[in-house]
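Enquirer: I have a structure here, written as structure tokens, and I will follow up with some questions on it.
The values are calculated or read from the model by the stated rules, or taken from the named source; none is laboratory data. Keep in mind that this is a model prediction, so the values were computed, not measured. Virtual Cβ from ideal backbone geometry, glycine too; neighbours counted across all protein chains shown. Just the protein is used for accessible areas: all its heavy atoms, side chains included, with ligands, DNA and RNA removed. Shrake-Rupley method; radii C 1.70, N 1.55, O 1.52, S 1.80 Å.
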Amino acid sequence: MQIGFVRAAVVLGLLAVVGPFAIDLYLPAMPEIVRDLNTDDAAVHMTFTVYFIAFGLAQMIYGPLADRFGRKMPVFIGLVVFIAGSALCAAAPDVSTLTIGRFVQALGAAAPMVIVRAVVRDLHTGSRATRLMALVMLVISISPMLAPLTGSVIIQFGSWRLIFGVLAVLAFAAMVQMAFLLPETLPPERRARIDAVAMIRSAVYLLRDARFMGLTLISGFSLASFFVFIAAAPLVYMSHYGLTPTGFSLVFALNAVGFFASSQFAATFGERFGMGRVALLAVCGFAAATSLLFVLVWSGIDDLPVLMALLFLGNTCLGQVIAPTMVMSLEEHGEHAGMASSLGGTFQMVSGGVMILICSPFFDRTPLPLVGAVAACALTALIIALLTLRPARHHNAPA
């Protein structure tokens, strides 16, 4: 199946950005949502919890569907579900309805995220596949920087409900351009039947593999720290420090810049020093920066520049953790790559949702609970990394 490289990157990039935009676009509107729906912070944090959990679990469904029925139909189904969820969020009379809408949104948003990877594999192999995926990931990496800024602009022209209308339009645009610009990349003769027994066996095999689970949980708790930050930071920055929605968006973008800029060098450092060594050192740096921040805030140092600097340093280290651990978790399981990828994505998203659920009762719009939760995730990831990546088990050191 031949399709222009640039066209494929644009189409797949727009598809892949739907889910991340749905996470970050309404961050600047969180205080307004709390006031408008006459609710509390914990209830609004629950909209993140259900999104991450539903997004993670739904990934286990769309992969097999895409192998059985082709790539385009599951994406269309997912985007229609996403649009329905967005409409429900936009019309929500209370926070319970908003939470249900976010759950529905996530069920739909998982489809393009899963199937983009499959389409890349259909179109190219080797270096061209790597180049195409890198372009798609570049689009995804920009979204946490642009989405809050875009959201802060949207609420200048309307209420927070308009944000969900914009998300519905974005999903519809992705659906239209996929319909006309991207052909079906999995022909009928290559489609596989759904074998539930084989899927269960593969999942059980991976769940019993200590190294796979260790690497998956390292990336899961590392990303959970970022998801906890996403859920709590808007209210801390805008209520406690008095930033405007635009000011918060710029500060939030700074952390995203550190994370994604650093991640671009993960492959180079991994080839030179070994992926296991890079990941372990990065987790150590991540835990050190966030633990120091917690100690400073706990001791009474409530200073926004200090908070920004140490979170930036921690997230820069975090950028060297996610990619290496994901690669290492898959490299020894080629015959189970599809299930390993799905399980990895599920654990990452569900870990984030569960950590938000656990930490949300402690969030009080001050920085201490936020940095405490981030440091707890980092230290948990460090403990698992020390058990999983210690030198005796290091498989990736350079010769």
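Enquirer: If GLY220 satisfies every condition in (1) of a type in the set (Gly, Ala, Ser); (2) surrounded by 13 or more Cβ atoms within 10 Å (Cβ to Cβ); (3) farther than 29 Å from VAL374 by Cα but one, which is the exception?
Expert: If we test GLY220 against (1) of a type in the set (Gly, Ala, Ser); (2) surrounded by 13 or more Cβ atoms within 10 Å (Cβ to Cβ); (3) farther than 29 Å from VAL374 by Cα, just (3) comes out false.
Enquirer: Report yes if GLY13 is in a helix (DSSP H, G or I), in contact with a helix residue (DSSP H, G or I) (Cβ under 9 Å, 6 or more places away or on another chain), at pLDDT below 90 and small (Gly, Ala, Ser), otherwise no.
Expert: Yes: the conditions hold for GLY13.
Residues checked against (1) within 28 Å of PRO187 (Cβ to Cβ); (2) aliphatic (A, V, I, L, M); (3) assigned to a helix (DSSP H, G or I):
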site: ALA9; (1), (2), (3): yes, yes, yes
site: ALA22; (1), (2), (3): no, yes, yes
site: PRO28; (1), (2), (3): no, no, yes
site: MET60; (1), (2), (3): yes, yes, yes
site: ARG68; (1), (2), (3): yes, no, yes
site: ILE77; (1), (2), (3): yes, yes, yes
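Enquirer: Please go through segment 84-95 and pick out each residue that is part of a helix (DSSP H, G or I), surrounded by fewer than 22 Cβ atoms within 10 Å (Cβ to Cβ) and touching a residue at least 24 places away in the same chain (Cβ under 8 Å).
Expert: ALA84, ALA87, ALA90, VAL95
Enquirer: Of (1) under 16 Å from SER342 (Cα atoms); (2) crowded, with 23+ Cβ neighbours inside 10 Å, GLY78 satisfies all except one. Which?
Expert: Of (1) under 16 Å from SER342 (Cα atoms); (2) crowded, with 23+ Cβ neighbours inside 10 Å, only one is false for GLY78: (1).
Enquirer: Would you please name the residue that is most open to solvent (accessible area, probe 1.4 Å), looking only at residues in segment 151-168 that are aliphatic (A, V, I, L, M) and under 22 Å from PHE76 (Cβ atoms)?
Expert: Per the criteria, the residue is VAL166.
Enquirer: Only one of ARG7, ARG71 is under 23 Å from GLN348 (Cβ atoms) and either touching a strand residue (DSSP E or B) at 6+ places or on another chain (Cβ under 9 Å) or basic (Lys, Arg) (or both); which?
Expert: ARG71
Enquirer: Then there's this: Residues being within 17 Å of ASP41 (Cα to Cα) and within 16 Å of the chain's Cα centre (by Cα): count how many of those fall in segment 234-262.
Expert: Qualifying residue count, segment 234-262: 0.
Enquirer: Additional query: Determine whether segment 11-29 contains at least one residue that is among the charged types (D, E, K, R), open to solvent by 10 Å² or more (accessible area, probe 1.4 Å) and touching a residue at least 24 places away in the same chain (Cβ under 8 Å).
Expert: No, every residue in segment 11-29 fails to be among the charged types (D, E, K, R), open to solvent by 10 Å² or more (accessible area, probe 1.4 Å) and touching a residue at least 24 places away in the same chain (Cβ under 8 Å).
Enquirer: Okay, next question. For segment 136-146, does any single residue satisfy the condition of being of a type in the set (Gly, Ala, Ser), open to solvent by 20 Å² or more (accessible area, probe 1.4 Å) and modelled with pLDDT under 90?
Expert: no
Enquirer: If you don't mind, another one. Given the residues ARG193, ARG211, which is the only one that is of a type in the set (Lys, Arg) and over 30 Å from GLY276 (Cβ atoms)?
Expert: ARG193
Enquirer: Just need a number here: residues in segment 169-198 that are surrounded by 18 or more Cβ atoms within 10 Å (Cβ to Cβ) and out of contact with any Gly (no Cβ under 9 Å at 6 or more places or on another chain).
Expert: Within segment 169-198, residues that are surrounded by 18 or more Cβ atoms within 10 Å (Cβ to Cβ) and out of contact with any Gly (no Cβ under 9 Å at 6 or more places or on another chain) number 5.
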